[in-house]
Amino acid sequence: SIALAAKQVNDKELTRKHGLKLKKALRPWLAADANSLLVYDASHGGVVTRAGYKDAHADFGNGRYNDHHFHYGYLVHASAVAKHLGFDEDGQHHSEAESAVSAIVMDYCNPFGRRKLLEGDVSVAPRSSYFTVSRHKDWYDGHSWATGLVAYPTGKSQESSSEAAH
């Protein structure tokens with residue numbers, strides 16, 4: 001990120017310019033309103049793009065949960081950079097963005113699941129009860145699958161292990 005490099009060399013003007021650009025680009029993805037590019041899919045317990053919700057084939061099959069564990073990793077990384085930079089147009093970090101990032105992470109790697117709730121750990125209740133446990137992780141094979149809900153005719157796939165978020 002240009003903003004991170006600028007911050008590292010203490011160029012405050014360039015940091016601010018590119019930090020604001022990054023946050024502006026993230027806003028439609030992290031907004032908690034009717035214009036958000038991401039929506040919650042109650043039928044499968046996850047986050048999908050608005051286009052993917054309407055057409056499961058849109059956005060590379062996003063509505064079928066294809067590629068979430070690496071596509072969403074980019075959003076999480078960019079959000080972490082924005083949080084690290086620590087400012088927004090009004091000088092504040094928005095808590096709705098933090099909630100959105102938490103939901104995105106829970107979509108592809110919910111480590112808590114309902115078991116924690118049954119054990120009495122209510123701290124995870126707001127997040128974990130809405131999301132499938134480790135949706136993309138195959139614990140037997142030891143890695144993630146990119147193909148989401150539907151396998152290809154040749155089976156499941158993992159076309160980009162270097163991009164996988166877990």
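Tabulated data for the structure shown
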quantity	calculated
From the options Ser99, Ser36, residue that is within 30 Å of Lys137 (Cα to Cα), among the small types (Gly, Ala, Ser) and loosely packed, with under 15 Cβ neighbours inside 10 Å	Ser99
When residues of the range 120-145 are limited to those that are in a loop (DSSP other than H, G, I, E, B) and surrounded by fewer than 12 Cβ atoms within 10 Å (Cβ to Cβ), the one modelled with the lowest pLDDT	Gly120
Top-ranked residue of the range 40-72 - restricted to ones that are of a type in the set (Phe, Trp, Tyr) and more than 17 Å from Val150 (Cβ to Cβ), ranked as surrounded by the fewest Cβ atoms within 10 Å (Cβ to Cβ)	Tyr40
Residues of the range 51-85 classified as free of Cβ contacts under 8 Å to residues at least 40 places away in the same chain, farther than 29 Å from Ala6 by Cα and out of contact with any Phe, Trp or Tyr (no Cβ under 7 Å at 6 or more places or on another chain), total	11
Unique residue being more than 24 Å from Gln158 (Cα to Cα) and either touching a strand residue (DSSP E or B) at 6+ places or on another chain (Cβ under 9 Å) or in a loop (DSSP other than H, G, I, E, B) (or both) when the list is Ala25, Ala82, Ala100	Ala100
Of the criteria (1) within 23 Å of Asp41 (Cα to Cα); (2) at pLDDT below 75; (3) surrounded by fewer than 16 Cβ atoms within 10 Å (Cβ to Cβ); (4) β-branched (Val, Ile, Thr), which one Val150 fails	(2)
Number of the exception - Ala80 against (1) more than 13 Å from the chain's Cα centre (by Cα); (2) surrounded by fewer than 16 Cβ atoms within 10 Å (Cβ to Cβ)	(1)
Residue list for the range 43-58, filter: small (Gly, Ala, Ser) and in contact with a helix residue (DSSP H, G or I) (Cβ under 9 Å, 6 or more places away or on another chain)	Gly45, Gly46, Ala51, Gly52, Ala56, Ala58
Matching residues, the range 5-15, being open to solvent by 60 Å² or more (accessible area, probe 1.4 Å) and within 20 Å of Val76 (Cα to Cα)	Lys7
Ala6 being touching a Ser or Thr at 6+ places or on another chain (Cβ under 6 Å) and either polar (S, T, N, Q) or without any contact (Cβ under 8 Å) to a residue 40 or more places away in the chain (or both)	yes
Condition check for His69: at pLDDT below 90 and either more than 22 Å from His136 (Cα to Cα) or part of a helix (DSSP H, G or I) (or both)	yes
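The values are calculated or read from the model by the stated rules, or taken from the named source; none is laboratory data. Because the structure is predicted, anything quoted here is derived from the model rather than measured. Cβ: placed from backbone, ideal geometry, glycine included. Neighbour counts: every protein chain shown. Just the protein is used for accessible areas: all its heavy atoms, side chains included, with ligands, DNA and RNA removed. Shrake-Rupley method; radii C 1.70, N 1.55, O 1.52, S 1.80 Å.
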